[in-house]
Amino acid sequence: MDELLHTIPHIDRISHRGAFAGAGAKRTETFRARSGKDNKVLPSLEEAVRAAGLRDGMTISFHHHFRGGDHVVNQVLDTLAAMGFRDLTLAASSLADVHAPLIRHIQNGVVTHIETSGLRGQLAEEISRGLLECPVVFRSHGGRAAAIGSGEVHIDVAFLGAPSCDPYGNANGYSRDDDTSIACGSMGYARTDAKYADKVIILTNNLVRYPNAPWAIPEYDVDYIVVTDDIGDPAGIMSGATRYTKNPKELLIAQTAANVIDAAGYLYDGFSMQMGSGGASLAVARFLRQMMLEKKIRCRFALGGITGQITAMHEEGMIDRILDVQSFDLDAALSLKKNRFHHQIDATYYASFLFAAAVDQLDFVILSALEIDTNFNVNVLTGSDGVIRGAIGGHPDTAAGASLSVVVAPLTRGRIPTVIDRVNTIVTPGAVVDVVVTDQGIAVNPRRPEVAEKLKKAGMKVYTIQQLKDRAEALAGRPDPIRYKDRIVGVVMYRDNTVIDVIRQIDED
Amino acid sequence: MDLKRTAVAGTMESSDIMVTVEPRESGGIVLELTSSVMKQYGRRIEQVIRETAAELGVENALICAVDKGALDCTVRARTGAALFRAAEQENGTWEVGR
């Protein structure tokens with residue numbers, strides 16, 4: 001046989017694997033008898049960590065599809081701390097209030113660097129006060145996917161919680177086999193980690209029979225599986241439907257935003273959209289629905305974080321396709337499970353700047369804001385007191401991708417003005433923000449004079465952003481500037497992973 | 001204005017301020033302020049409370065204020081109301097649109 005190989009012309013261009021040398025032993029037992037043997041399930045998290053070859057100084061990753069109900073991050077970090085690991089980089093798609101126990105692991109040197117979309121609660125407060133020597137890196141969902149895909153962020157071991165997984169690693173955010181298990185819907189952010197991490201450990205409380213179809217994560221991306229009783233608190237992972245706001249101020253903003261989209265010419269048969277999950281931005285869907293019924297038009301696709309409002313419109317036949325990177329409520333998760341054209345997408349497909357992404361096909365996006373400045377820059381990351389309390393999410397990705405980005409916010413929150421001279425932290429640059437809608441007036445970015453014209457023609461009053469800022473200040477008074485120290489505690493990346501701003505330590509002396 | 005008793009005005013609701021006034025013989029105006037917007041508006045709130053006390057001719061008092069993001073007009077109204085009540089005066093001169 002080897003001799004035959006040598007007679008093949010240009011064999012070097014054809015194959016380097018040599019000649020066939022036998023097919024190996026063939027198994028004859030039934031699929032059922034075979035299942036459960038030779039699989040990827042290990043008896044404990046410790047064993048999986050050892051098998052994955054985790055070492056000090058490496059990068060570990062997590063997803064945030066379990067939101068405030070997540071028990072995976074804390075459970076894994078407790079185990080890694082007990083095993084004596086140090087100097088780890090924690091690259092999470094986002095972190096929430098529930099991750100306050102990380103403070104101790106940072107103090108003990110287990111975690112020395114954090115990459116995330118956002119921070120909240122006690123952990124965020126401590127980091128704002130200078131807990132970490134190395135600044136936290138904040139990326140958008142699209143920026144994170146690009147950084148992982150390009151190798152800028154190299155994940156050594158991904159620890160991914162999954163509400164269902166078979167013994168070979170096909171994992172998903174729900175299970176078609178039962179209706180009682182935990183569901184988180186789409187696992188869009190976890191899919192990017194699974195694809196690019198060197199080693200992938202799935203933590204699941206629900207080991208189902210092969211094949212766990214449909215899956216979010218295919219078995220070839222998974223190395224080890226650990227079965228644990230507790231991956232999270234179902235009530236914190238998701239509950240019911242996100243409710244529509246009853247706050248009249250938010251309803252006024254939402255109605256105005258819907259009118260802006262219509263007047264600007266982006267509400268036509270076959271349009272595309274993304275809604276935020278905040279009070280006012282979510283309520284826009286309600287007014288759009290009414291306008292769509294009146295005009296007898298349909299939406300070609302809705303993108304993003306998906307809520308029950310969007311899936312209800314899909315089931316009514318008003319939205320043809322849903323592209324879901326993250327399901328915000330149980331209704332959305334159930335729709336993903338049962339509706340053929342409610343489709344799960346990964347973070348790269350959603351928003352990576354390295355490819356033509358789904359955000360680039362958006363007609364409009366409705367976005368919320370903590371602060372907007374007179375250059376239309378938007379902050380969704382730091383509070384008016386300078387403390388970190390939010391997440392970038394897909395804000396800059398969708399603002400850049402959509403033909404019309406509409407930022408909705410009350411002009412003041414309590415006494416705090418929303419429209420100000422300079423945002424505390426630039427997350428989304430004014431260059432990609434088109435319209436600001438507040439309860440007390442609309443401002444259009446001077447880059448979009450044609451939009452301002454159309455709104456005026458439709459009888460809407462358009463103010464300058466400076467006028468909105470002056471009005472906020474007349475009501476609330478001019479706030480004293482936040483005092484910061486020189487030390488940088490956070491670095492904010494734009495979606496192309498260039499540095500757009502820094503967050504400094506707050507000065508409480 | 002002569003303060004006769006301890007008096008309160010306002011609530012702990014969002015966008016309100018609760019002002020408690022206690023008569024003092026001496027020591028000027030002693031102000032204990034807590035606010036949900038202390039960093040941004042603490043200075044301004046103190047200024048408005050002190051101005052209001054001065055305008056009503058109150059020289060000595062302990063004023064405790066718990067602010068939940070009240071606007072200047074609210075701070076002024078609640079402080080004034082607490083002082084009038086402390087002075088047991090019913091017929092204060094109320095202004096609108098100041």
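Remarks
- The dipole here belongs to the protein assembly as shown: it is taken about the Cα centre, uses +1 on the Cβ of Lys and Arg and -1 on the Cβ of Asp and Glu, and is about 1220 debye.
- Mean sequence separation of contacting Cα pairs (under 8 Å, at least six apart), scaled by the length of segment A:248-481, corresponds to a relative contact order of 18 percent.
- Packing-based ranking, highest mean first, of B:71-78, A:56-63 given that Cβ atoms within 10 Å are counted: A:56-63, B:71-78
- Average other protein chain Cβ within 10 Å of Cβ, residues A:416-424: 1
- Gap separating the Cα centres of segment A:84-130 and segment A:40-78, nearest whole Å: 15 Å
- Measuring between alpha carbons in the structure, the pairs from A:LYS37/A:LYS199; A:LYS249/A:LYS454; A:LYS295/A:LYS337 lying more than 27 angstrom apart are A:LYS295/A:LYS337.
- Averaged over the residues of peptide A:141-154, the number of Cβ atoms from other protein chains lying within 10 Å of each residue's Cβ is 0.
- Charge-dipole axis of the protein assembly as shown as Lys and Arg at +1 and Asp and Glu at -1 on Cβ define it, positive-most pick from A:VAL437, A:SER44, B:GLY28: A:VAL437
- Prolate/oblate/rounded label for segment A:34-237 (Cα gyration tensor, a/c 1.5): prolate
- For segment A:379-428 versus segment B:1-30, the spacing of their alpha-carbon centroids is 38 Å.
- A crude spin-label estimate for the pair A:ARG487 and A:ILE8, with each label 7 Å from Cα along the Cβ direction, gives 6.4 nm.
- When the charge dipole of the protein assembly as shown is built from unit charges on Cβ atoms (+1 for Lys and Arg, -1 for Asp and Glu) and taken about the Cα centre, the candidate among A:ALA358, A:SER181, A:ALA171 whose Cα reaches farthest toward its positive end is A:ALA358.
- Averaged over the residues of B:66-73, the number of partner chain Cβ atoms lying within 10 Å of the residue Cβ comes to 3.
- Using distinct alpha-carbon pairs, which all enter the 1/r mean, Kirkwood radius of the protein assembly as shown in Å: 26.9 Å
- In this label model, A:GLN467 and A:ARG55 are separated by 6.4 nm, measuring between points 7 Å along each Cα→Cβ vector.
- Cross-link partners of A:LYS195 among aspartates and glutamates (Cα-Cα below 13 Å; sequence separation of 8 or more within a chain): A:ASP156, A:GLU219, A:ASP221, A:ASP223, A:ASP346
- Loss of accessible area when A meets B, both sides summed, Å² nearest 100, probe 1.4 Å: 1100 Å²
- Cut-off of 10 Å, at most 12 other beta carbons, DSSP loop: longest stretch of chain A lacking such GluC sites (Glu not before Pro): A:317-507
- Note on chain B: with charges restricted to the Cβ of Lys and Arg (+1) and Asp and Glu (-1), its dipole about the Cα centre is near 260 debye.
- Probe 1.4 Å, protein heavy atoms only - accessible area per residue of the protein assembly as shown in square angstrom: 44 Å²
- Short-range pairs are left out: with C-alpha atoms under 8 Å and at least six residues apart, the relative contact order of chain A is 15 percent.
- Within chain A, helix-based [θ] at 222 nm, where runs of 4 or more DSSP H residues each add -39,500 (n - 2.57), nearest 500: -8500 deg cm²/dmol
- Where A:THR28, A:THR89, B:THR6, A:THR428 fall by accessible area, highest first, once all protein chains stay in place (1.4 Å): A:THR28, B:THR6, A:THR89, A:THR428
- Cα→Cβ-extended label distance, 7 Å offset, between A:ASP87 and A:GLU450, nm: 5.6 nm
- Entry note, chain B: relative contact order of 42 percent, from Cα contacts under 8 Å with a spacing of 6+ residues.
- Accessible area ranking (1.4 Å probe, heavy atoms, ligands and nucleic acids excluded), largest first, for A:ASP373, A:ASP486, A:ASP439, A:ASP360: A:ASP486, A:ASP360, A:ASP439, A:ASP373.
- Size of electric dipole in segment A:248-481: Cβ of Lys, Arg +1 and of Asp, Glu -1, about Cα centre, debye, nearest 20: 400 debye
The values are calculated or read from the model by the stated rules, or taken from the named source; none is laboratory data. Keep in mind that what you see is a predicted model, and the values were worked out from it rather than measured. Note that each Cβ is placed from the backbone with ideal geometry, even for glycine, and that neighbours are counted across all protein chains shown. Just so you know, the surface numbers come from the protein's heavy atoms only, side chains and all, with ligands and any DNA or RNA stripped out. Shrake-Rupley method; radii C 1.70, N 1.55, O 1.52, S 1.80 Å.
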